[in-house]
1. Taking Ser17 as meeting all but one of (1) open to solvent by 80 Å² or more (accessible area, probe 1.4 Å); (2) at pLDDT 95 or above, write down the number of the exception.
2. Exactly one condition in (1) part of a loop (DSSP other than H, G, I, E, B); (2) touching a residue at least 40 places away in the same chain (Cβ under 8 Å) is false for Glu291; which is it?
3. Which is free of Cβ contacts under 8 Å to residues at least 24 places away in the same chain and surrounded by 13 or more Cβ atoms within 10 Å (Cβ to Cβ), of Cys89, Cys93?
4. Within the stretch 139-166, take every residue that is touching a residue at least 12 places away in the same chain (Cβ under 8 Å) and of a type in the set (Gly, Ala, Ser) and give me the one that is least open to solvent (accessible area, probe 1.4 Å).
5. Working carefully through the options Val51, Val43, Val32, Val72, find the one that is of a type outside the set (D, E, K, R), in contact with a strand residue (DSSP E or B) (Cβ under 9 Å, 6 or more places away or on another chain) and within 26 Å of Ala193 (Cβ to Cβ).
6. Go through the stretch 47-63 and give me each residue that's open to solvent by less than 50 Å² (accessible area, probe 1.4 Å) and not aliphatic (A, V, I, L, M).
7. Please identify the pairs in which a residue from the stretch 54-77 that is farther than 18 Å from Gly276 by Cα has its Cβ atom under 6 Å from the Cβ atom of a residue that is open to solvent by less than 50 Å² (accessible area, probe 1.4 Å) and of a type in the set (Ser, Thr, Tyr), counting only partners at least 6 apart or on another chain.
8. When residues of the stretch 31-44 are filtered for being surrounded by fewer than 17 Cβ atoms within 10 Å (Cβ to Cβ) and not in a loop (DSSP other than H, G, I, E, B), how many remain?
Amino acid sequence: MEEKSKYEQALSLYDMSLDDEAIKAKVAHFIVEKVAENDTPEVKRFLLGSVELTTLKTTDSEESVLALTERVNAFEDAYPDLPHVATICVYPCYASIVTQSLEVEGVEVACVSGSFPSSQATMEVKTVETALALRDGATEIDIVMSVGKFLSGDYESLCDEISELKAVCGKHKMKVILETGLLGSAQNIKKAAILSMYAGADYIKTSTGKEMPAATPEAAYVMCQAIKEYYNRTGIQIGFKPAGGLNTVHDALVYYTIVKEVLGERWLTNEWFRLGTSRLANLLLSEIVGEETRFF
């Protein structure tokens with residue numbers, strides 16, 4: 001009970017009286033009033049440089065992951081005036097392939113770990129998988145919060161898992177996926193965000209892309225508000241990553257606008273703002289160069 005009260009006490013420091021309809025209205029206002037001013041070539045270039053180029057398909061193979069990595073390698077020669085993607089994100093079994101073949105400075109190698117996408121495994125399995133991904137060259141780790149533990153109110157076990165996996169990651173950045181589409185309310189999304197940051201997340205991420213709904217602007221708004229309040233209280237800056245369902249350039253501009261309006265310029269770097277997607281890089285590139293382009 002003493003440990004349990006620690007997490008409840010942490011949550012009590014933050015305003016949890018959220019109104020889902022008010023948040024929906026606020027986000028709708030941002031979209032109508034603010035997105036258009038960010039629809040510029042400069043912002044699209046920035047967004048391209050914030051993409052986590054992701055392949056998490058059942059059909060992935062050594063050949064397909066190598067081909068994707070080689071496209072990233074070729075990008076600098078093909079488009080020397082454009083920023084390269086921020087990250088290549090793959091399953092842990094492909095970490096070594098990406099690491100050994102990646103030639104571009106500054107591109108991170110992220111691996112989903114901890115029994116992605118369900119997080120339904122023993123901690124021994126989660127920690128070993130994470131450690132092996134890091135051994136094979138992953139520089140960042142994406143884990144999924146144990147949604148079942150959260151919904152049943154077992155915050156102690158939830159936070160202990162996140163803390164234990166962060167200990168395995170050490171200096172490497174760890175993103176915690178909230179799977180916001182399963183949480184049911186803005187209040188739950190904020191609780192999950194605060195607990196994840198409190199337990200050691202370096203980034204919080206909306207979704208795996210395997211559950212629907214995936215990322216939504218409303219969830220992003222709540223998560224960014226939580227990041228802001230956490231930063232104001234602790235001085236610790238936490239990154240933000242929307243992922244899942246980013247299907248258009250307009251979607252990316254909406255998330256950029258939310259980050260800009262809620263968190264401000266300090267978060268508008270590809271260190272603190274990432275976009276998890278498999279299709280958005282080509283769409284952004286097409287708009288930047290002015291013609292349909294399928295480079296990746």
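The values are calculated or read from the model by the stated rules, or taken from the named source; none is laboratory data. Bear in mind that the values here come from a model prediction, so they are computed numbers and not experimental data. Because the Cβ atoms are built from the backbone with ideal geometry, glycine has one as well, and the counts that use them run over all protein chains shown. These area figures cover heavy atoms from the full protein model, side chains too; ligands, DNA and RNA do not enter into them. Shrake-Rupley method; radii C 1.70, N 1.55, O 1.52, S 1.80 Å.
1. (2)
2. Every condition holds for Glu291 apart from (2).
3. The match here is Cys93.
4. The extreme case among them is Ser146.
5. Val51
6. Matches in the stretch 47-63: Gly49, Ser50, Glu52, Thr54, Thr55, Asp60, Ser61.
7. Leu66/Ser101
8. The qualifying residues number 7.
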